[in-house]
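What follows is calculated from the coordinates using simple rules that are stated; it is not laboratory data. All figures in this text were calculated on a predicted structure; none of them were measured in a lab. No Cβ is skipped: glycine too gets one built from the backbone with ideal geometry, and neighbour counts run over all protein chains shown.
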Amino acid sequence: MPIVHSRPTISQIEAQAVLRVLRSGQISGGPVVQRFETAVRRYLGVRDAAAVSSGTAGLHLSLVALGVGKGQDVILPTHVCTALLNAVHYVGARPVLVDVNYEDGNISVDDVKRRLSRKTGAILVPHMWGMPADLGALIRLGVPVIEDCAQAAGALYKGKPVGTWGRINVFSFYATKMLTTGEGGMVVSRDLKLMKIVRDRLSYDHRPAYEVRYNYKMTDLQAALGEVQISKLDRFIARRKSIAAVYRQALEPLTGRGAVLPVVPKEKTSSFYRFVVKVPDAQKAIRRLKARGVNAERPLFEPLHSYSRQKGFPVSDRLMKECISLPLYPSLTDAQAKVVIREFVNLFDKGRSLA
Ligand SMILES: *Cc1c(COP(=O)(O)O)cnc(C)c1O
């Protein structure tokens with residue numbers, strides 16, 4: 001049996017919670033969504049949290065709430081999945097792609113500065129692989145920051161959780177994210193005016209005045225799952241961190257031979273959504289690992305600039321060539337982690353560097 005790259009961590013407690021909702025007869029529009037929202041609000045210490053059907057829906061509603069649309073630019077990093085690009089197109093704004101940092105794969109503040117203009121309506125800031133982006137510098141630019149915390153629930157920037165820094169911020173609870181509701185998401189903000197718009201637009205029924213609205217509601221079945229999952233989030237992160245520490249210690253000797261390990265700067269605490277190692281030829285290494293039963297993956301399918309055939313994103317291109325994401329999730333056993341390490345070290349056989 002190969003060691004899979006990622007998987008949800010779900011137990012009997014979640015199963016029972018979902019079953020209770022099923023048996024209650026109220027599987028949507030019930031009280032569990034509100035309870036889950038309250039749990040997220042308390043966990044983060046934000047003023048309001050609205051559950052939605054996906055992270056993508058949350059990104060869309062955040063742009064809607066900020067009033068970003070036609071004639072405006074939204075800055076976003078190229079080194080992300082297309083969900084962010086889709087949200088920008090949903091509101092008719094122009095996506096402006098920027099490059100990322102080599103160290104952490106996060107949006108490059110210098111590149112954002114170069115592309116900033118009077119037309120910039122918002123900056124989409126994903127915290128890649130669980131590592132907080134440079135929030136302080138980005139917020140100081142004076143343009144609304146939307147944090148995309150899809151990969152970083154529970155990560156900290158200067159001791160405070162991600163999702164509490166930007167004007168309006170989004171989480172995803174897709175199957176393999178930090179916590180899951182199958183599909184799902186959450187929009188959070190301290191700005192109640194923005195949240196009022198989000199709550200108004202995310203469902204359509206029983207409204208006195210017509211507006212274009214969406215059906216982006218989360219079901220109570222999903223929320224039941226989420227309520228249990230968020231109660232486990234700190235334990236999930238602790239387990240991820242301890243596996244990451246084991247990986248780091250075991251792989252440290254390879255750093256002089258072509259491997260680059262993740263760094264965690266002092267003011268940041270990663271949630272270790274991914275443990276991304278860089279090697280000169282990631283594709284070759286991934287192929288060899290898979291042949292040995294370790295399903296390592298490239299952390300990104302394609303950068304956004306490749307779809308529009310744009311050039312000038314050298315760091316993202318380099319990351320595509322070099323990055324390997326090793327299996328990492330709370331239910332990965334110590335024995336499995338040992339196998340991952342053994343096979344990764346074996347790539348560097350007989351003391352040679354990995355060419
Ligand atoms: C998963 C992910 C999304 C999209 O979330 P969905 O719930 O799948 O719509 C957005 N941004 C980032 C950084 C993600 O990892």
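Below, the figures for the structure above:
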read-out	value
By average C-beta atoms within 10 angstrom, highest first, the peptides 172-182, 65-75, 2-12	172-182, 65-75, 2-12
Packing rank of 191-202, 275-286, where each peptide gets the mean count of other beta carbons within 10 Å, highest leading	275-286, 191-202
In Hz, Karplus ³J(HN,Hα) per residue of region 237-244 (6.51, -1.76, 1.60; θ = phi - 60°; x = Gly, Pro)	5, 4, 5, 4, 5, 6, 5, 4
Rg ratio (alpha-carbon, reference 2.2 N^0.38 Å) - the chain	1.00
Three-way shape label, region 209-355, alpha-carbon gyration tensor, a/c 1.5	oblate
Size of charge dipole - the chain - debye, nearest 20, with Cβ of Lys, Arg +1 and Asp, Glu -1, no other charges	280 debye
Translational D in µm²/s for region 140-194 (Stokes-Einstein at 4 °C, 1.567 mPa s, Kirkwood Rh from C-alpha pairs)	110 µm²/s
Per-pair calculated FRET efficiency, R0 = 22 Å: Asp234 and Ser28 via Cβ, rounded to 0.05	0.15
Total formal charge among the other residues, if their Cβ is under 13 angstrom from that of Ile27, Lys/Arg +1 and Asp/Glu -1	+2
All-pairs Cα distance distribution in region 1-64, expressed in whole percent, bin size 5 Å	4, 13, 14, 19, 22, 14, 9, 5, 1, 0
Shape parameters for region 176-271, alpha-carbon atoms, Rg then Dmax in Å	20.5, 66
C-alpha center-to-center spacing [region 1-39, region 256-318] in angstrom	32 Å
Estimated FRET transfer efficiency when R0 is 22 angstrom, pair Ala137-Thr82 (beta carbons, to 0.05)	0.25
FRET efficiency for Glu211 and Thr38, using Cβ-Cβ distance with R0 set to 35 Å, rounded to 0.05	0.85
Extension gain, Arg94 back to Val264 (0.36 nm per residue minus Cα-Cα distance, nm)	57.9 nm
